[in-house]
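Asker: Submitted below is the structure of interest, expressed as structure tokens.
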Amino acid sequence: MQEYDGLDNFRIMTALKIDLHSHTHYSDRQLSPEELVMRAHNMQVDALAITDHDTTAAIEQANAFQAQQTRQMQIIAGVELSTAWHGFDIHVIGLNVDIHNTQFKQRLDEQSQSRERRALSIGEKLTKCGLAGVYEKAKTRAGKGQITRAHFASAMVDMSYVDSFDSAFKKYLGKGKRAHVKPQWITIEQAVKWIRDAGGKAVLAHPGHYQLTAKWLRRLLVQFKEAGGIGIEVRHPRISPQVRQQLAIYAAEYGFEASVGSDFHYPNKWTELGRNLSIPDELTPVWHDWHLDVVEIEK
Ligand code: AMP
Ligand code: MN
Ligand code: MN
Ligand code: MN
């Protein structure tokens, strides 16, 4: 293992395929940790962070599976924490967290219980709207994983209560809709503290997804920075070239390290592990001070 610094380090490392945001069936999508790791190999990914919603349950399984592979790939222990900020659901990614940290595990358990309580309330509201049995179906779909609104939406499609996943949000599950339940998520400050206490780096997930005005996005960035946030995602799916450029400008302006992630949930034509995730030259990658075993340097 070797350490490098400065520009040299950066140029070489960007040649690697690094994807720091992905999901397994322990949160809201379908691949097992093994299937996700296998897919990442097929996509020639060199470092993959698994960042399920409010759980690190996939990491040990993914590591065990990776240990049997011949192709090198570094699995980064990650998590995506839900936070509440002025009525917005803001997601904070923790990278390189210690999944064995007892306090961290307890904290994640609390957030899971909060998820479960919200899920029960969503189910009750849907029943009142005449859509019975959705909670049970969503729970079955979630299996051992965290129950999310995505499970509710899929269950509603399966039960023919709505004609598409998106319309489940538009009609029932979205903010201000009939079965919306205000989540009791932690604050941004708590999320950053949880991640730091577990030895990780806190990264603001997909800043282009919150539909915030420029003024509010700046407020968010300032508050995240003050809380101890280290990086922001500057490349993530479904953003325009303009927003992408703006995120790079914000990262430089506020002194954030740059993270990148596909936010891969399931195979589809819009997102793929490790695709289009290069970062602008002038930014410091969030992995600049990591020991990536996969790095092979030619001197
Ligand atoms: P939760 O963390 O339980 O609130 O669920 C969040 C998940 O639901 C996200 O990761 C998305 O997969 C999905 N989701 C949230 N809002 C929408 C929306 N407006 N349209 C489609 N999917 C959404
Ligand atoms: Mn998700
Ligand atoms: Mn997210
Ligand atoms: Mn995500």
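Asker: Specify the residue with the greatest mean-square fluctuation among Glu253, Glu189, Glu35, computed from a Gaussian network of the chain linking alpha-carbon atoms under 10 Å apart.
Answerer: In the Gaussian network model the winner is Glu253.
Asker: Using the Cα gyration tensor of the chain, with a ≥ b ≥ c the square roots of its eigenvalues, what is the shape: rounded (a/c below 1.5), prolate (a/b larger than b/c) or oblate (neither)?
Answerer: It is prolate, given that a/c is not under 1.5 and a/b is the larger ratio.
Asker: Find, among the trypsin sites (Lys or Arg not before Pro) in the range 232-266, those assigned to loop by DSSP (not H, G, I, E, B) with at most 13 other beta-carbon atoms within 10 angstrom.
Answerer: Here the trypsin sites (Lys or Arg not before Pro) that fit, given the DSSP loop and packing criteria, are Arg238.
Asker: Hey, in the GNM for the chain with a 10 angstrom Cα cutoff, which one of Thr24, Thr55, Thr127 fluctuates hardest?
Answerer: Top of the fluctuation ranking is Thr127.
Asker: Over what distance in Å are the Cα centres of the range 19-47 and the range 105-136 separated?
Answerer: 26
Asker: Please turn the phi angles of the range 186-194 into ³J(HN,Hα) values with the Karplus equation 6.51 cos²θ - 1.76 cosθ + 1.60 (θ = phi - 60°), one per residue in order, whole Hz, x for glycine and proline.
Answerer: Result, rounded to whole Hz: 6, 7, 4, 4, 5, 4, 5, 5, 4.
Asker: With Cβ to Cβ distances under 12 Å as the rule, what net charge do the other residues near Gln30 carry (K, R +1; D, E -1)?
Answerer: Around Gln30, the surrounding residues sum to +1.
Asker: Further question on the same structure: Per the Cauchy relation, a quarter of the hull surface: what is the mean projected area of the convex hull of the alpha carbons in the range 147-266, in nm²?
Answerer: Approximately 8.8 nm², given one-decimal rounding.
Asker: Farthest toward the dipole's positive end in the range 57-111, which of Leu81, Gln69, Ile99, given Cβ charges of +1 (Lys, Arg) and -1 (Asp, Glu) about the Cα centre?
Answerer: Among Leu81, Gln69, Ile99, the one farthest towards the positive end of the dipole of the range 57-111 is Gln69.
Asker: Which of the chymotrypsin sites (Phe, Trp or Tyr not before Pro) found in the range 200-299 are in a DSSP loop and have at most 11 neighbouring Cβ atoms, other than their own, within 10 Å?
Answerer: On the way: sites: Tyr210, Trp216, Phe224, Tyr250, Tyr254, Phe256, Phe264, Trp270, Trp287, Trp290; in loops: Tyr210, Phe256, Trp270, Trp287, Trp290.
Sparse-neighbourhood loop chymotrypsin sites (Phe, Trp or Tyr not before Pro): Trp270.
Asker: Okay, next question. If each residue of separation counts as 0.36 nm, what is the full-extension length gain between Ser240 and Ser160 once their alpha-carbon separation is subtracted?
Answerer: 25.5 nm
Asker: Connecting C-alpha atoms closer than 10 Å in a GNM of the chain, tell me which of Asp89, Asp281, Asp19 has the biggest fluctuation.
Answerer: Asp281
Asker: Same structure, new question: Tell me which residues come under 5 Å, amide H to amide H, from Ile50 once H is placed; ignore anything under 5 positions away on its chain.
Answerer: Ile76, Gly78
Asker: Related question: Report relative contact order for the range 185-299 in percent, whole number only (criteria: Cα-Cα under 8 Å, sequence separation at least 6).
Answerer: Reported relative contact order: 22 percent.
Asker: Here's something else I'd like to know. Within 10 Å of each candidate Cβ there may be at most 14 other Cβ atoms; applying that plus a DSSP loop requirement, which trypsin sites (Lys or Arg not before Pro) in the range 153-226 survive?
Answerer: For trypsin sites (Lys or Arg not before Pro) across the range 153-226 that sit outside H, G, I, E and B with at most 14 neighbouring Cβ atoms in 10 Å, the list reads Lys175, Lys177, Arg178.
Readers should treat all values here as calculations from the given coordinates under stated rules, not as data from a laboratory. The shown structure was predicted, so the numbers you read here are calculated from the model rather than taken from an experiment. Every residue, glycine as well, gets a Cβ built from its backbone with ideal geometry; the counts of neighbours run over all protein chains shown.
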